[in-house]
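K.L.:
Take this structure first; my questions come after.
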Amino acid sequence: MNIAFIGLGNMGGKMVQNLLKTGATVYGFDLSQTAIAHFVEAGGIASDSPHDAAKNADIVITMLPAAKHVKEIYLAEDGVFTVLKQGSICIDSSTIDPQSIKDIAKIGAEKGIKVCDAPVSGGTIGAQAGTLTFMVGTDADLFEQVKSVLSSMGKNIVYCGEVGSGQIAKICNNLILGISMTAVAEGMALGAKLGIDPQILAGVINSSSGRCWSSEVCNPWPDVSANAPAGRGYSDGFATQLMLKDLGLAIEAAGQVKQPVLLAGLVQQQYQQLCMQGNAQLDFSSIIQQYLPQNSQ
């Protein structure tokens with residue numbers, strides 16, 4: 001079985017490393033030559049375009065920033081749908097709005113190509129460790145077909161329902177994540193300002209009722225959580241601009257069904273401000289900078 005992996009950034013690049021460890025033949029594409037170099041070093045086969053990567057593939061996996069990129073990869077005049085044979089499988093692990101993946105899946109079905117959404121949770125730490133959670137939207141039969149491939153990159157493969165359901169789960173999860181990270185940042189900054197050692201404070205939180213992924217695995221205070229982006233200048237993580245995008249998706253979806261999401265709106269404004277300050281590429285845990293004087297960490 002040949003696999004095409006399109007999108008080898010902070011998340012995709014780490015995910016494909018685990019896929020390659022299974023001995024799979026993987027054709028990869030990314031706009032970044034550095035990302036391609038790391039991919040080839042790990043045993044992947046570089047391709048000149050998404051079209052080129054997909055022409056030899058039985059399965060295509062995409063991990064891209066936004067819906068416009070996903071649509072272009074699949075639906076463009078030279079997109080992957082033009083070269084895939086009938087019966088091929090496409091797995092989109094990007095985080096996009098539910099309707100976009102439904103539209104792509106419908107067009108794919110007309111061509112005899114099976115499409116599912118499988119966004120992930122676990123961040124770059126989980127991507128590197130192969131412990132991601134995949135939230136899969138598809139029919140039950142296709143879910144069974146893709147489980148083995150996804151299991152090489154993740155620990156929890158969750159069937160969410162029909163196409164688009166994985167995206168619903170993901171945007172709700174990231175709504176909570178953005179809020180929880182901001183809450184942890186606010187609490188850590190307050191504790192430090194009041195005079196408690198941040199390491200001690202984090203230890204208390206993580207053995208008490210405030211414990212969460214944002215406090216334990218990806219604490220925004222430097223050098224509290226092992227391997228967290230905060231310990232490397234908030235680099236090589238889940239970009240602030242992507243969290244801002246995901247909060248926007250959640251708020252947009254909430255508006256469509258007239259569901260209030262009050263905290264999401266407040267946190268969205270904070271991430272928007274962080275991006276406007278030139279920090280769009282930093283890990284989203286850098287939100288703590290909104291609470292600290294410059295260089296006070």
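The values are calculated or read from the model by the stated rules, or taken from the named source; none is laboratory data. Just so it is clear, the model here is predicted, and its values are computed rather than measured. Please note: Cβ atoms are built from the backbone with ideal geometry, for glycine as well, and neighbour counts cover all protein chains shown.
K.L.:
Which condition does LEU64 not pass, out of (1) surrounded by 15 or more Cβ atoms within 10 Å (Cβ to Cβ); (2) touching a Phe, Trp or Tyr at 6+ places or on another chain (Cβ under 8 Å), if it passes all the others?
P.N.:
Failed condition: (2).
K.L.:
Could you grab me the full set of residues in the stretch 52-70 that are touching a Leu at 6+ places or on another chain (Cβ under 9 Å), over 23 Å from LEU242 (Cβ atoms) and either of a type in the set (A, V, I, L, M) or not in a loop (DSSP other than H, G, I, E, B) (or both)?
P.N.:
ALA54, ALA57 - these are the residues of the stretch 52-70 that are touching a Leu at 6+ places or on another chain (Cβ under 9 Å), over 23 Å from LEU242 (Cβ atoms) and either of a type in the set (A, V, I, L, M) or not in a loop (DSSP other than H, G, I, E, B) (or both).
K.L.:
When ASN18 is evaluated against the numbered criteria (1) under 17 Å from the mean Cα position of the chain (by Cα); (2) assigned to a loop (DSSP other than H, G, I, E, B); (3) surrounded by fewer than 24 Cβ atoms within 10 Å (Cβ to Cβ); (4) not aromatic (Phe, Trp, Tyr), which criterion, by number, is the only one it fails?
P.N.:
(2)
K.L.:
Does the stretch 88-105 contain at least one residue that is more than 17 Å from the chain's Cα centre (by Cα), surrounded by fewer than 21 Cβ atoms within 10 Å (Cβ to Cβ) and outside any helix (DSSP H, G or I)?
P.N.:
No: zero hits.
K.L.:
Is there a residue being in contact (Cβ under 8 Å) with a residue 40 or more places away in the chain, farther than 27 Å from LEU64 by Cα and not assigned by TED's automatic domain parsing to the domain that holds GLN99 anywhere in the stretch 239-255?
P.N.:
So far as the stretch 239-255 goes, no, none of its residues is in contact (Cβ under 8 Å) with a residue 40 or more places away in the chain, farther than 27 Å from LEU64 by Cα and not assigned by TED's automatic domain parsing to the domain that holds GLN99.
K.L.:
Something else about it: Of all the helices (runs of 4 or more DSSP H) wholly in the stretch 117-215, which have at least 2 residues that are within 18 Å of the chain's Cα centre (by Cα) and hydrophobic (A, V, I, L, M, F, W, C)?
P.N.:
It comes to 123-129, 140-151, 165-194.
K.L.:
Could you tell me which residue of the stretch 74-87 is farthest from ASN156 (Cα to Cα), considering only residues that are touching an Asp or Glu at 6+ places or on another chain (Cβ under 9 Å) and part of a helix (DSSP H, G or I)?
P.N.:
LEU75
K.L.:
Out of curiosity, is ILE73 of a type in the set (A, V, I, L, M), under 22 Å from GLN241 (Cβ atoms) and modelled with pLDDT of 95 or more?
P.N.:
The answer is yes for ILE73.
K.L.:
Kindly list, by first and then second residue, each pair from a residue in the stretch 168-193 that is more than 21 Å from ALA230 (Cα to Cα) to a residue that is outside any helix (DSSP H, G or I) and of a type outside the set (Asp, Glu), limited to pairs with Cβ atoms under 6 Å and residues at least 6 apart or on different chains.
P.N.:
Sorted first by the residue in the stretch 168-193, then by its partner, the pairs are ALA169/MET135; ALA169/CYS160; LYS170/THR95; LYS170/PRO119; LYS170/MET135; ASN173/SER121.
K.L.:
Select from the stretch 243-282 the residues that are charged (D, E, K, R) and in a loop (DSSP other than H, G, I, E, B) and list them in ascending order.
P.N.:
LYS258
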